[in-house]
Amino acid sequence: MKINLRCFSTSDLATATDKRVAELKERLKDSPPAAHNFSFSGSGFLIAYHLGVAHALKELGYIQEDSRLAGASGGSIAALAVASNADLHQILDDTKLMAHFGRTVGTWGKLEPGLRKLFYDRFANVDLEHLAKRLAITTHQVWPIRQIIHSVHFESPDDLCDNLIASCYVPFYLSSQAVVKLRGQYHVDGGLLKLVPEIPDHVRVCVFHANMLRRTDYEISPSLDSEFPHPFFHLVRIALFPPEAHVLDDLFHYGRRGAVLWAEKQLEQEKQQ
């Protein structure tokens, strides 16, 4: 499947964001940041925002080799991509392919096979021992006991894929079933009960406006950016109904800018201490 993929560096938004990242990177040269851990919210097609956040955080030095990453739903894909050192631009391109499929064929009940294929294309040979030191995938077990589970050990690539699918399993959306079986129990989307995995010592990243959710603990979100163009309910629509490629590109760069705004806030707080 071929679609037109826009160059990441041609838009005014991309150029301005790249400049801002470069300026902050220069400021951090004399005092590099310590490694931070990050937890990524459920996102659907808003995963492009997560990928932009992660891309900038890696470039600025906040995500390092010993950083831990957690995620629920689409955020679990972002967390896996970062933890396995995948090419985040490639994952964004994959998101565009899934969005194109959704716009042409439909989404509800049809996305699981495509998501599984993309998983094996990108992560079939990932180092599972390395992932155990860095990654937590959050799912919501609904039977036999209802509980939130943060999985950190994966027996095989198939087990990792099954955990990823379970974390993304919005009932009747990913496939035609209400629940998915994982390790003998039944699960649904890891972000349905708690949008962002609540793991200690992890900075929480949310693709929705934290102020609208009244969550001051969601440190990186569109609420940081006074110029972010999408209101809350428009974001909900984008999450579920796949947008055009240029919208995903812009979300990627708004994510990068959100990471810069958060990092600048950290520097200001350090000055005041």
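Quick look at the numbers
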read-out	value
Among the residues listed as Ile63, Ile47, the single one being in contact (Cβ under 8 Å) with a residue 12 or more places away in the chain, out of contact with any strand residue (DSSP E or B) (no Cβ under 6 Å at 6 or more places or on another chain), under 16 Å from Leu131 (Cα atoms) and crowded, with 24+ Cβ neighbours inside 10 Å	Ile63
Test result for Lys96, touching a residue at least 12 places away in the same chain (Cβ under 8 Å), of a type in the set (Lys, Arg) and in contact with a Leu (Cβ under 6 Å, 6 or more places away or on another chain)	yes
Qualifying residue in segment 178-193 (condition: over 27 Å from Tyr120 (Cα atoms) and either crowded, with 17+ Cβ neighbours inside 10 Å or of a type in the set (S, T, N, Q) (or both))	no
Output for segment 72-93, where each listed residue is hydrophobic (A, V, I, L, M, F, W, C), touching a residue at least 60 places away in the same chain (Cβ under 8 Å) and closer than 14 Å to Leu51 by Cβ	Ile77, Leu80, Leu92
From Val236, Val260, Val203, residue being in contact with a strand residue (DSSP E or B) (Cβ under 6 Å, 6 or more places away or on another chain) and hydrophobic (A, V, I, L, M, F, W, C)	Val203
Within segment 26-52, tally of residues that are in a loop (DSSP other than H, G, I, E, B), under 12 Å from Ser67 (Cβ atoms) and of a type outside the set (A, V, I, L, M)	3
Count of segment 23-37 residues which are more than 13 Å from Ala263 (Cβ to Cβ) and not charged (D, E, K, R)	2
Segment 143-174 - residue that is of a type in the set (Gly, Ala, Ser) and crowded, with 19+ Cβ neighbours inside 10 Å and, of those, nearest to the chain's Cα centre (by Cα)	Ser167
Residue satisfying condition, being out of contact with any strand residue (DSSP E or B) (no Cβ under 9 Å at 6 or more places or on another chain), surrounded by 14 or more Cβ atoms within 10 Å (Cβ to Cβ), among the polar types (S, T, N, Q) and under 17 Å from Asp189 (Cβ atoms), within set Thr139, Thr107	Thr107
Residue in segment 53-88 that is farthest from Ala22 (Cα to Cα), counting only those that are part of a helix (DSSP H, G or I) and among the charged types (D, E, K, R)	Lys58
Identity of the residue in segment 24-41, loosely packed, with under 11 Cβ neighbours inside 10 Å and over 25 Å from Leu80 (Cα atoms), that ends up modelled with the highest pLDDT	Glu26
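The values are calculated or read from the model by the stated rules, or taken from the named source; none is laboratory data. These figures come from a predicted structure and were not determined experimentally. So basically every Cβ, Gly included, is an ideal-geometry build from the backbone, and we count neighbours across all protein chains shown.
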